């Protein structure tokens, strides 16, 4: 008797079955939400590594603690300007590096 071991063997196929094929509105929405969640987690981890509270970070960028909380929960996606203010307040910089795929 075979059982499902709950291991994903083909992640692309899994995403396609659950969220639609690439270049569909459903998949675009999933990708956008996934990037927002990932960004929120990166910023949260950077804040914690900087040993700052949400309130301290908010004060550094001129925002409310609740705004930082919403960003870290992935509820709010900061504007590009706010993202750069947060990154700078955490002592980081953003470097844009061309993708190798774009040069092929």
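A few notes on this one:
- For the chain, calculated [θ]222 nm from helices alone, where every DSSP H run of n ≥ 4 adds -39500 (n - 2.57): -18500 deg cm²/dmol
- Pairwise FRET efficiency - residue 79 versus residue 34, Cβ, R0 = 22 Å, nearest 0.05: 0.70
- The angle between the Cα long axis of helix 80-89 and the main principal axis of the chain comes to about 60°, on a 0 to 90 degree scale.
- Within a Gaussian network of the chain (alpha carbon springs, distance under 10 Å), most fluctuating of 67, 38, 19: 19
Read the figures in this text as sums done on the coordinates, not as results from a lab. Keep in mind the model is a prediction, meaning the values are calculated, not measured. So basically every Cβ, Gly included, is an ideal-geometry build from the backbone, and we count neighbours across all protein chains shown.
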